[in-house]
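Take a look at the structure below.
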Amino acid sequence: MTYAFQAEGLVKTFRETRALDGVDLVARSGTVLGVLGPNGAGKTTVVRILATLLRPDAGRALVGGHDVVREAGAVRAQIGLTGQYAAVDEMLTGSENLLMIGRLVGLSRQDARARAAELLERFGLSEAGGRAAGTFSGGMRRRLDLAASLVGRPQVLFLDEPTTGLDPHSRGELWEIVRGLVAEGVSVLLTTQYLEEADQLADEIVVIDHGRVIAGGTPEALKAQVGGQVLELRPLRPADLDAVLGQVAALAGEGVEVHNGLVSVPVRDVALMPAVVRRLEQAGLAVGELSLRGSSLDEVFLTLIGDRNETVKPTAAETMKAGV
């Protein structure tokens, strides 16, 4: 079976730093493989090797069945790459940026113009296509950058933290674009520090830490590893928080947490929720909110990696660095 891309035992060392230490991964055609990990885990190094920008020190990688070292030209002919920062020429117009890429990938001037116009329309940039890219908003520059990676109609697309710094609206727009590409058969490798993004887009997820794959599977399977469900409750009277916490901890044991007045605990026994309700009622502690939900990817991530004060962004509502 030929996969969209795969890696076996990838090793890469920079001086004394072992960036990759035997990474294995595989992705089926027409799917999204999400790669998660803290800063410095090796995510971008994996992307650069698959995109033929770096040679591995050991192991091998294939894209569309072609070896990234021995058949680099064949690999480049079928991939697109969008890095962490928009790589557009701000002095050129949006249309000129795409036209330039088209000519570089071997399109005739007529075909390059047609492809540029097609992509500008698809990405909602037709009206802005005649403006210098330097006047574009952050979201528009990211869309133009993604459009540029699609000029050559790649079969495999590498997206290295493509929505970093975007506001939630712009991020959602890019998500829809990625979903549309996958529906057309494009295979995607997505690295991201927004765990919600991986949950929304990825068919499979690989978690890397210190250059090694430490977990993998579907988002649902990874969540099940942490605990299928989480019980959350908020006391009706804030002053009862400590008492409620004590009662829940007495029943559940370890794993009870408090955040912004909300008590949460993984549910490993279906009898826990009714037992908590009865115990709080007997103690005269009223509950204002009570819910049972599935585990989230950020809980999976923290369980696997631990809290290292990294710049991992679990939701789309984090502080925005750039806006549209």
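Values computed for the structure shown
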{"read-out": "Some residue of the range 234-244 being at negative phi and part of a strand (DSSP E or B)", "value": "yes"}
{"read-out": "Qualifying residue in the range 208-228 (condition: within 30 Å of residue 157 (Cβ to Cβ), exposed (fewer than 15 other Cβ atoms within 10 Å of the Cβ) and out of contact with any strand residue (DSSP E or B) (no Cβ under 8 Å at 6 or more places or on another chain))", "value": "yes"}
{"read-out": "Enumeration of residues in the range 12-61 that are hydroxyl-bearing (Ser, Thr, Tyr) and either at pLDDT 95 or above or not in a strand (DSSP E or B) (or both)", "value": "13, 29, 31, 44, 45, 52"}
{"read-out": "Some residue of the range 236-257 being free of Cβ contacts under 8 Å to residues at least 60 places away in the same chain, surrounded by fewer than 17 Cβ atoms within 10 Å (Cβ to Cβ), out of contact with any His (no Cβ under 9 Å at 6 or more places or on another chain) and β-branched (Val, Ile, Thr)", "value": "no"}
{"read-out": "Where residue 100 falls short, out of the listed (1) in contact with a Leu (Cβ under 8 Å, 6 or more places away or on another chain); (2) open to solvent by 50 Å² or more (accessible area, probe 1.4 Å); (3) closer than 26 Å to residue 204 by Cα", "value": "(3)"}
{"read-out": "Tally, over the range 265-275, of residues that are touching a strand residue (DSSP E or B) at 6+ places or on another chain (Cβ under 7 Å) and either closer than 12 Å to residue 235 by Cα or in a helix (DSSP H, G or I) (or both)", "value": "2"}
{"read-out": "Entirely in the range 62-161, the helices (runs of 4 or more DSSP H) that have 1 or more residues that are within 22 Å of the chain's Cα centre (by Cα) and either of a type in the set (Ser, Thr, Tyr) or under 21 Å from residue 182 (Cβ atoms) (or both)", "value": "138-149"}
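The values are calculated or read from the model by the stated rules, or taken from the named source; none is laboratory data. All values derive from a computational prediction rather than experimental measurement. Glycine also receives a Cβ, built like all others from the backbone with ideal geometry; neighbour counts cover every protein chain displayed. SASA here: full protein model, heavy atoms, side chains in, ligands and nucleic acids out. Shrake-Rupley method; radii C 1.70, N 1.55, O 1.52, S 1.80 Å.
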